[in-house]
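A short worksheet on the structure shown next.
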Amino acid sequence: MKSHRRKSKQRERIHELVRASKDHPTAQAIYDRLKPEMPSLSLGNVYRNIAILLEEGRLQSGEFGNGTVRYDAVMASHYHFVCERCGAVSDFAMPADANITESARRLSPHRISGHTVRFYGICADCLAVENAPS
């Protein structure tokens, strides 16, 4: 039986911040953004609360190519775009294709629960800098 945890203002604020973020923040970014409004916050508190949110199924984590773990509060199946120049990660507005998971289930001896897709390229911000007049 799962133990009931006390509600934590820090934990709820971390969840709110990740939910409102479009950039899939790292633990350090979460800490940096919340520290001014929560002076008693420590990076250790952030990591402990993230672990609880992951365990509760309220956050998911992902590593997007540079070894840094980022966090996402969108729990529904969705795709991502990763900029090869600046490393920005964002949700990609394309419906997840359930047929991919079904095809994998038919082809695999494993129990497939889902899939992820990541698109790589150059983000609009980097393209704007690249195409800006010198």
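Each value in this text was obtained by applying a stated rule to the coordinates, not by laboratory testing. These numbers come from a predicted model, not from an experiment. Cβ coordinates were reconstructed from backbone atoms using ideal geometry, including for glycine residues, and neighbour counts include every protein chain displayed.
Where the eigenvalues come from the Cα gyration tensor of segment 76-134, what are the semi-axes √(5λ) of the equivalent ellipsoid, largest first, in whole Å?
Values: eigenvalues 224, 20, 14 Å².
After diagonalising the Cα gyration tensor, the semi-axes are 33, 10, 8 Å.
Local charge sum around Arg85 (other residues, Cβ-Cβ under 13 Å, Lys/Arg +1, Asp/Glu -1)?
Within the 13 Å Cβ shell, the charges total -3.
How about segment 62-134: which trypsin sites (Lys or Arg not before Pro) there lie in a loop by DSSP and see at most 16 other Cβ atoms within 10 Å? Walk me through the numbers on the way to the answer.
On the way: sites: Arg70, Arg85, Arg105, Arg106, Arg111, Arg118; in loops: Arg85, Arg111.
The qualifying sites are Arg85, Arg111.
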Residue among Gly57, Gly67, Gly87 with the largest mean-square fluctuation in a Gaussian network model of the chain, springs linking Cα atoms under 10 Å: Gly67
Taking Cys86, Cys126 and counting other C-beta atoms within 10 Å, the order from fewest to most: Cys86, Cys126
Select from segment 20-58 those GluC sites (Glu not before Pro) which occupy a DSSP coil region and have at most 14 other Cβ atoms within 10 Å, ordered by residue number. Glu37, Glu56
Phi angles of segment 99-105, converted by Karplus (6.51 cos²θ - 1.76 cosθ + 1.60, θ = phi - 60°) into ³J(HN,Hα) in whole Hz with x for Gly and Pro, give 4, 5, 5, 4, 4, 4, 4
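Report, for the chain, the % of DSSP beta bridges that are antiparallel, rounded to 5. Before the final figure, lay out each step's value.
Values: 8 of 12 bridges.
Expressed as a percentage, antiparallel bridges in the chain total about 65.
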Taking springs between alpha-carbon atoms closer than 10 angstrom, which of Ala104, Ala51, Ala96 fluctuates most in the Gaussian network model of the chain? Ala104
Can you give me the long-range amide H partners of Cys123? Hydrogens built in the peptide plane at 1.01 Å from N, cutoff under 5 Å, separation of 5 or more residues or another chain. Glu84, Arg85, Cys86
The list [x] -0.43, -1.19, -1.29; [y] -0.53, -1.08, -1.23; [z] -0.59, -1.37, -1.49 gives values of log10 I(q)/I(0) by the Debye sum over Cα atoms at q = 0.10, 0.20, 0.22 Å⁻¹, and only one came from this structure; which label was calculated from it? [x]
Dipole check, the chain, charges on Cβ (K,R +1; D,E -1), about Cα centroid: among Cys123, Ser40, Ser134 the Cα furthest to the positive pole belongs to Ser40
